[in-house]
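The values are calculated or read from the model by the stated rules, or taken from the named source; none is laboratory data. Bear in mind that the values here come from a model prediction, so they are computed numbers and not experimental data. Don't worry about glycine lacking a Cβ; one is built from the backbone with ideal geometry, like all the others, and counts go over all protein chains shown. Keep in mind that these areas ignore ligands, DNA and RNA; they rest on the heavy atoms of the full protein, side chains included. Shrake-Rupley method; radii C 1.70, N 1.55, O 1.52, S 1.80 Å.
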Amino acid sequence: MTIQTYDPKTAVITMTPAAAAHIRRQLASTGCHALPLDVTESGCSGYMYELGYTDTASDTDLVCEVAPGVRVFVAAEVLPLVRGTEIDYVREGINAALKFKNPNAEAECGCGESFSVTKSATH
């Protein structure tokens, strides 16, 4: 496991204040201390984000301190797919959701659940 201190110029993952506040509330309600971020091959565009709540990072996870009280564990094998991603928490009417602004995403599906990347991001 490696730990990365937040630096907006080199941060792997960033998070808006709204997203950080939401994640802090979720972490408090689950009793966990971190948000693991992974990506799986799925969905109609190729890849899908997977989130959860945990206290344990794997030996190969990058630990990103993205905001006070908010740590994100990023699986090493997905770093090329998510590097530079900003996580936001957006309210639209009565709905609210985490949204990913991923500079590596070449396209997203219509429902916003999956994304595809350029070939260079997968290597």
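Inter-label distance, Val63 to Ser29: 2.6 nm, where each label sits 7 Å from its Cα along the C-beta direction.
Taking amide H as placed 1.01 Å from N in the peptide plane, Thr85 has its amide H under 5 Å from the amide H of Thr14, each at least 5 places away in sequence or on another chain. Only protein atoms count toward the accessible area here, which uses a 1.4 Å probe; on the stretch 12-57, the carbon and sulfur part of that area reaches 52 percent. Here the Karplus curve 6.51 cos²θ - 1.76 cosθ + 1.60, taken at θ = phi - 60°, turns the phi angles of the stretch 53-63 into couplings of 9, 7, 10, 10, 9, 6, 4, 9, 5, 8, 9 Hz, with x standing for Gly and Pro.
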